[in-house]
Amino acid sequence: MASVWRGEIPAGEDSAGTVVAIKQLHDHLSDDPEFIRMFKDEGRIVRDFDHPNVVKVYDVGELDGVYYLAMEFVDG
């Protein structure tokens, strides 16, 4: 359904230098409204969780047709 990448918040932004995980919806699913809805729902639901065993979701969005979740990075 998605790929996960390691990223860093760029200089000049709030929390600059913070390492994050970026979950990106696969291209072949980006044209399917049902998958887009499920992906966005996942991000919105998890964003409201506050539990030490669940990663934090910082942002849910779309950039140039690419849907993503920006999340807390947990090494390992």
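Observations, loosely collected:
- Between 0 and 90°, nearest 10: helix 33-47 axis offset from the chain longest Cα axis: 30
- Accessible surface, per residue, of segment 7-76 when the full set of protein chains is kept, probe 1.4 Å, Å²: 69
- Structure-derived volume of the Cα convex hull per residue in Å³: which label, when the choices are [x] 129; [y] 69; [z] 100: [z]
- Efficiency of FRET between residue 6 and residue 29 - r from beta-carbon atoms, R0 25 angstrom, step 0.05: 0.70
- Within the accessible area of the chain (1.4 Å probe), percent carbon and sulfur: 51
The values are calculated or read from the model by the stated rules, or taken from the named source; none is laboratory data. All values reported here derive from a predicted model rather than from experimental measurement. Quick reminder, even Gly has a Cβ in these numbers, built from the backbone with ideal geometry, and neighbours come from all protein chains shown. Ligands, DNA and RNA are excluded from the accessible area calculation, which covers all protein heavy atoms including side chains. Shrake-Rupley method; radii C 1.70, N 1.55, O 1.52, S 1.80 Å.
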